[in-house]
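Take a look at the structure set out below.
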Amino acid sequence: MKAAAGAPREAQVLSRTDETADMFTLHLRLTDARARAAYRFTPGQFNMLYLPGIGGVPISIASDPDRRETLDHTIRAVGRVTRVLAQLRAGDSVGLRGPYGRGWPMHDAEGQDLVVVTGGLGCAPVVAAIGYVVARRERFGRLAILQGVKHSADLIWRERYDAWARLPDTRVRLAADKPDHHWGDHIGLVTDLLDEVQLRPDRTVALVCGPEPMMLAAAGRLARLNVPETRIWVSLERGFQCGVGHCGHCQLGPYFVCRDGPVFRWADVGWLLGTRGF
Amino acid sequence: MTSASFLPRDRLQALFDRLREQGYRCVGPRVRDGTVIYDDLTDAANLPVGIGARQAPGSYRLTHEGHSRCFAWANGPQALKPLLFAPRESLWRAVRHDDGRMRFEPTAQQSRQLAVVGVRACDLAALTLQDAHFAADIADAGYASRRGGLLLIGVDCTHPADTCFCASTGDGPGIGSGADIALSELESGFLVRPNSAAGALLCDALPLRDASDDELYTAAAELESARSKQHRRLPGRNLRDALFANLDHPRWNDVAGRCLSCGNCVAVCPTCFCSTEREEAAFDGSESTRVRLWDSCFSAEHSYLHGRLLRPDTRTRYRQWLTHKLGGWHDQYGRSGCVGCGRCITWCPVGIDISAEAAAICGETVEPGEARGTREGS
Ligand code: SF4
Ligand code: SF4
């Protein structure tokens, strides 16, 4: 679906799920039936959610592209706009523009092994990708899901990880920097786990999402394990405002992250990440 | 040499009259607050007759030259940019109903046909770049609407400023293919070359005669002399790799020590496109308008992400501006983002010269005298 510049469309909150004290998921539905029917997206793409008088914020689309009833957005109430979004209830309206950007290479990844590396809390873009693969498990090779958190208490969606771990040919490994004494998995960095999952480098596609230092470390480790840089994909964030590459805020060297990304091949952006000022 | 017609100086008013008759709002160079800027213009007598513009790094001053020419000045602070990429634009209006429902209405207005008289070659080149940014596959409604109704009457530059270097970027000083009509100003009148159907239509209605060989020769010679007067230049047309390979060059610290991070360079640059969005809400909260304003990569908020600034200091901001302008543009739009207009040099309060900075960073020494007005050393 081609992105458009222009006014938002109204979307209604059908329901909401509270994930943690400050994280919630809004299940949205475009009010206009034609807009709803025309809406297509890929996991990893995002919408701009907009509140009149308050402002807009880019939020990754968490739901499955083939499940057309709602567009789900998992949001952390950390900023001015997200704190107001957190107050929305079923029946309330928001403005929605999108979908924007380029998502994960789900098509090209079919038939390949996948390793998903994520750090921090509920990294939404990657959760959408995992959900997509899990719902079409037979189309993909081995699946390894590696999630890192700082404190073990930060881990959310424990049941989801447990359910994924029970799928065929699927490994789930969790890492905590600062575990409590119940922690039963890896102590240390999530990137350590890459050495343990036994990748087949030339048939692996890596999807990486989290804080940039973690993505740098993960890409470095994957490269040392001989995964080609063209098979390593990362999802980036910059100050998106317009979503269509006009406002200039999301520039990263030669790229408009909102339009050329937010998902990039490591081979294209690795040289810029980790350079202060980019 | 293409064929051209001639419009005697005392018949120049006919151009403005025909434009008005054909339904155009007409804008051209006017002297305002000590500068030449584009503003409404219906009377040829209000052109900047006899005016010159003395420019140097960090300075701009109009002069009275006592001649009868009206385009004998190099560009002022403002390009075509504000006429198309508006400094302030309403994007949409949001209306909130009592039942909580929302409606969003685009606010872009259909704009009237606009003719700009006296456009410079550098600004035509910049317009092509702004078109690629704002009016290609994902078009900005306001920009595209104004662009659609635009008629451009360019004039060759015969009086470049000290700060101009359009010859080195390949964008001037002569009017190329981007204008509907190209003019060359001579003592007694103007060579007129139509370059589009709309331009030809207008020319058909003007009191033109064939240009003489002598007039054609003189115009070409004046243009050549204007070209050779330019002494600044960029150290190459494609500096992308050289800039990105030198992100740790000590010159970034040096220029950061001079740069005030004021953003003047961005405001006057005809290709800079950054903007920021704001909400303007009605007092009772029932309505708000989304407004877009020009922004600058020298502002703190430009690099704001999750409570921190990706570019917290002048060094990283100046480096962003230069690596984008002369580097990233090649990837984004197939050429450098600099058209050699020299505005950022003239209007920089401390006279920082983009050509000297680029030369220092890309490993070329600046010839003595080429970086006048900037601090020496690298
Ligand atoms: S960078 Fe400076 S010289 Fe180049 S187009 Fe912009 S204002 Fe003109
Ligand atoms: S280069 Fe000059 S005009 Fe640009 S921000 Fe620095 S001081 Fe201001």
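If the condition is being among the charged types (D, E, K, R) and at pLDDT below 95, then the range A:65-89 contributes A:ASP66, A:ARG67, A:ARG68, A:GLU69, A:ARG76, A:ARG80.
Remark: pairs (first residue in the range A:73-95, more than 22 Å from B:ALA94 (Cα to Cα); second residue in a helix (DSSP H, G or I) and among the hydroxyl-bearing types (Ser, Thr, Tyr); Cβ separation under 7 Å; 6+ apart in sequence or on different chains) = A:ILE75/A:THR82; A:ARG76/A:THR82.
Does B:PHE298 satisfy being assigned to a loop (DSSP other than H, G, I, E, B), aromatic (Phe, Trp, Tyr) and away from ligand 1 (no atom under 16 Å from the Cβ)? No, not satisfied. Looking across the range B:309-361, the residues that are more than 10 Å from ligand 2 (Cβ to nearest atom), within 11 Å of chain A (Cβ to nearest Cβ) and of a type in the set (Lys, Arg) come down to B:ARG311, B:ARG315, B:ARG319.
Just to be sure, is A:VAL197 in contact (Cβ under 8 Å) with a residue 12 or more places away in the chain, more than 10 Å from chain B (Cβ to nearest Cβ) and part of a loop (DSSP other than H, G, I, E, B)? Considered against the rule, which asks whether it is in contact (Cβ under 8 Å) with a residue 12 or more places away in the chain, more than 10 Å from chain B (Cβ to nearest Cβ) and part of a loop (DSSP other than H, G, I, E, B), A:VAL197 comes out as yes.
If a residue has to be among the hydrophobic types (A, V, I, L, M, F, W, C), closer than 18 Å to A:PRO105 by Cα and not in a helix (DSSP H, G or I) to count, how many in the range A:263-278 make the cut?
Result for the range A:263-278: 2.
Look at the range A:224-256 and say how many of its residues are in a helix (DSSP H, G or I) and in contact (Cβ under 8 Å) with a residue 24 or more places away in the chain. Of the residues in the range A:224-256, 3 are in a helix (DSSP H, G or I) and in contact (Cβ under 8 Å) with a residue 24 or more places away in the chain.
Kindly indicate whether any position in the range B:56-71 is part of a helix (DSSP H, G or I), modelled with pLDDT of 95 or more and in the same structural domain as B:GLU187 (by TED's automatic domain parsing). Scanning the range B:56-71, I find no residue that is part of a helix (DSSP H, G or I), modelled with pLDDT of 95 or more and in the same structural domain as B:GLU187 (by TED's automatic domain parsing), so the answer is no. A single entry from B:LEU223, B:LEU247, B:LEU186 fulfils the requirement of being of a type in the set (A, V, I, L, M), surrounded by fewer than 22 Cβ atoms within 10 Å (Cβ to Cβ) and in the same structural domain as B:CYS269 (by TED's automatic domain parsing): B:LEU247.
Only residues that are more than 17 Å from B:ALA161 (Cα to Cα) and either in a strand (DSSP E or B) or not hydroxyl-bearing (Ser, Thr, Tyr) (or both) were counted in the range B:32-48, giving 11. Of all the criteria given as (1) crowded, with 21+ Cβ neighbours inside 10 Å; (2) farther than 28 Å from B:HIS231 by Cα; (3) of a type in the set (A, V, I, L, M, F, W, C), the one not satisfied by B:ILE175 is (2). Applying the criterion of being within 11 Å of ligand 2 (Cβ to nearest atom) and buried (at least 19 other Cβ atoms within 10 Å of the Cβ) to the residues of the range B:250-263, the residue that is nearest to B:GLY363 (Cα to Cα) is B:VAL255. Got at least one residue in the range B:268-276 being under 30 Å from B:ARG93 (Cβ atoms), within 11 Å of chain A (Cβ to nearest Cβ) and more than 14 Å from ligand 1 (Cβ to nearest atom)? There is at least one residue in the range B:268-276 that is under 30 Å from B:ARG93 (Cβ atoms), within 11 Å of chain A (Cβ to nearest Cβ) and more than 14 Å from ligand 1 (Cβ to nearest atom).
The residue of the range B:277-303 that is surrounded by the fewest Cβ atoms within 10 Å (Cβ to Cβ), among those that are within 9 Å of another protein chain (Cβ to nearest Cβ) and in contact with a helix residue (DSSP H, G or I) (Cβ under 7 Å, 6 or more places away or on another chain), is B:ASP295. Of all residue pairs spaced 6 or more apart or on separate chains, those with beta-carbon atoms under 6 Å, a first member in the range B:43-62 that is on the phi > 0 side of the Ramachandran plot and a second member that is small (Gly, Ala, Ser) and buried (at least 19 other Cβ atoms within 10 Å of the Cβ) are B:GLY58/B:GLY351. Listed by first and then second residue, the pairs with beta-carbon distance under 8 Å, at least 6 apart or on different chains, first residue in the range B:130-144 and more than 10 Å from chain A (Cβ to nearest Cβ), second part of a helix (DSSP H, G or I), are B:GLN130/B:LYS81; B:GLN130/B:LEU84; B:GLN130/B:TYR143; B:ASP131/B:ARG147; B:ALA132/B:TYR333; B:ALA135/B:TYR143; B:ALA135/B:ALA144; B:ALA135/B:ARG147.
Results for (1) crowded, with 20+ Cβ neighbours inside 10 Å; (2) within 14 Å of chain B (Cβ to nearest Cβ), shown as yes or no for each residue.
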site: A:ASP32; (1), (2): no, yes
site: A:ALA35; (1), (2): no, yes
site: A:ALA38; (1), (2): no, no
site: A:VAL57; (1), (2): yes, yes
site: A:ASP64; (1), (2): no, no
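Would you check if B:GLY263 is within 16 Å of ligand 1 (Cβ to nearest atom), within 14 Å of chain A (Cβ to nearest Cβ) and among the small types (Gly, Ala, Ser)? For B:GLY263, the condition - within 16 Å of ligand 1 (Cβ to nearest atom), within 14 Å of chain A (Cβ to nearest Cβ) and among the small types (Gly, Ala, Ser) - is met.
Selection over the range B:89-114 of residues that are touching a strand residue (DSSP E or B) at 6+ places or on another chain (Cβ under 6 Å), over 30 Å from B:ALA226 (Cβ atoms) and more than 14 Å from chain A (Cβ to nearest Cβ) gives a count of 1. Quick check: anything in the range A:212-219 within 14 Å of another protein chain (Cβ to nearest Cβ) and under 21 Å from A:ILE130 (Cβ atoms)? Yes - at least one qualifying residue is present in the range A:212-219. Listed by first and then second residue, the pairs with beta-carbon distance under 6 Å, at least 6 apart or on different chains, first residue in the range B:344-372 and at pLDDT below 95, second in a loop (DSSP other than H, G, I, E, B) and within 12 Å of ligand 2 (Cβ to nearest atom), are B:ALA371/B:ASP353. Confirm whether B:ARG292 is away from ligand 2 (no atom under 14 Å from the Cβ), more than 25 Å from the chain's Cα centre (by Cα) and within 23 Å of A:LEU252 (Cα to Cα). It is false that B:ARG292 is away from ligand 2 (no atom under 14 Å from the Cβ), more than 25 Å from the chain's Cα centre (by Cα) and within 23 Å of A:LEU252 (Cα to Cα).
The values are calculated or read from the model by the stated rules, or taken from the named source; none is laboratory data. From a predicted model like this one, the values you see are computed outputs, not experimental measurements. As a convention, Cβ positions derive from the backbone with ideal geometry for all residues, glycine included, and neighbour counts pool all protein chains shown.
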